[in-house]
Amino acid sequence: MVMTRNIFQSETTRELVNRINRLTPETKPLWGKMNAGQVLAHLCVMYEMVYETNHKRPNAFMRFLISLVAKETVVGDKPYPRNARTAPAFVIVDQRDFEKEKQRLIDYIVRTEKSGEGFFDRRESHSFGKLTLPEWNNYFYKHLNHHLTQFGV
């Protein structure tokens, strides 16, 4: 399945923000263990790895291993399966401020659209090396879509 939405287009940004705005702190997941505030924080991690420096970058050998094991799953065309394992940096177990995490995620999505395709084309990712635009698009969109669908929005 090829991702049909383009994370770098304002129409997709609006769609995602509208879906996020339908979440409430009380929204229950259809599967999985995270609550709504935790899933918003979980989704922010992929953006933190692009825009922030609070996640230690794996060494070259670990990036090679991660690419062998996980790259196709993360940036490929196939949707994520339910209840798939996640990398340790993405695990959120503490309680989070729902409104704060929601705004952070929206800000990251808008920032990504405004940064545009030129910023991401062949840009080095945190764990997978240089990614193509379709890979960056899949990385962002399918992760967002997976978890928004998990919460029924």
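The values are calculated or read from the model by the stated rules, or taken from the named source; none is laboratory data. Keep in mind that this is a model prediction, so the values were computed, not measured. Glycine also receives a Cβ, built like all others from the backbone with ideal geometry; neighbour counts cover every protein chain displayed.
With the checklist (1) loosely packed, with under 13 Cβ neighbours inside 10 Å; (2) under 20 Å from Pro134 (Cβ atoms) in hand, flag the one item Met46 doesn't pass.
Against the list (1) loosely packed, with under 13 Cβ neighbours inside 10 Å; (2) under 20 Å from Pro134 (Cβ atoms), Met46 comes up short only on (1).
Pull up the stretch 116-146, narrow it to residues that are touching a residue at least 24 places away in the same chain (Cβ under 8 Å), of a type in the set (S, T, N, Q) and farther than 12 Å from Leu43 by Cβ, then point me to the one that is surrounded by the fewest Cβ atoms within 10 Å (Cβ to Cβ).
Ser127
Given the options Val69, Val17, name the one that is aliphatic (A, V, I, L, M) and modelled with pLDDT of 85 or more.
Val17
Would you please list the contacts, defined by Cβ atoms under 7 Å and residues six or more apart or on different chains, that run from a residue in the stretch 64-77 that is buried (at least 17 other Cβ atoms within 10 Å of the Cβ) to a residue that is outside any helix (DSSP H, G or I) and modelled with pLDDT under 85?
Hits for this filter: Ile66/Pro58.
Name the one entry in Leu40, Leu23 that is of a type outside the set (Val, Ile, Thr), closer than 15 Å to Leu148 by Cα, part of a helix (DSSP H, G or I) and touching a residue at least 24 places away in the same chain (Cβ under 8 Å).
The match here is Leu40.
Scan the stretch 49-63 for residues that are in contact (Cβ under 8 Å) with a residue 12 or more places away in the chain, within 21 Å of Thr112 (Cβ to Cβ) and either within 15 Å of the chain's Cα centre (by Cα) or part of a helix (DSSP H, G or I) (or both) and jot them down.
Those that are in contact (Cβ under 8 Å) with a residue 12 or more places away in the chain, within 21 Å of Thr112 (Cβ to Cβ) and either within 15 Å of the chain's Cα centre (by Cα) or part of a helix (DSSP H, G or I) (or both): Met49, Val50, Tyr51, His55.
Just one of the numbered conditions (1) touching a residue at least 60 places away in the same chain (Cβ under 8 Å); (2) of a type in the set (A, V, I, L, M, F, W, C); (3) farther than 16 Å from Pro134 by Cα; (4) touching a helix residue (DSSP H, G or I) at 6+ places or on another chain (Cβ under 8 Å) is not true of Ile7; which one?
Single failed check for Ile7: (3).
Considering every residue within the stretch 112-128, establish whether at least one is within 12 Å of the chain's Cα centre (by Cα) and not in a strand (DSSP E or B).
Taking every residue of the stretch 112-128 in turn, at least one turns out to be within 12 Å of the chain's Cα centre (by Cα) and not in a strand (DSSP E or B).
Evaluate the stretch 89-107: report whether one residue or more is assigned to a helix (DSSP H, G or I) and modelled with pLDDT under 95.
Yes, some residue in the stretch 89-107 is assigned to a helix (DSSP H, G or I) and modelled with pLDDT under 95.
So Ala84 passes all but one of these: (1) surrounded by fewer than 16 Cβ atoms within 10 Å (Cβ to Cβ); (2) modelled with pLDDT of 85 or more; (3) of a type in the set (A, V, I, L, M). Which condition number does it fail?
(2)
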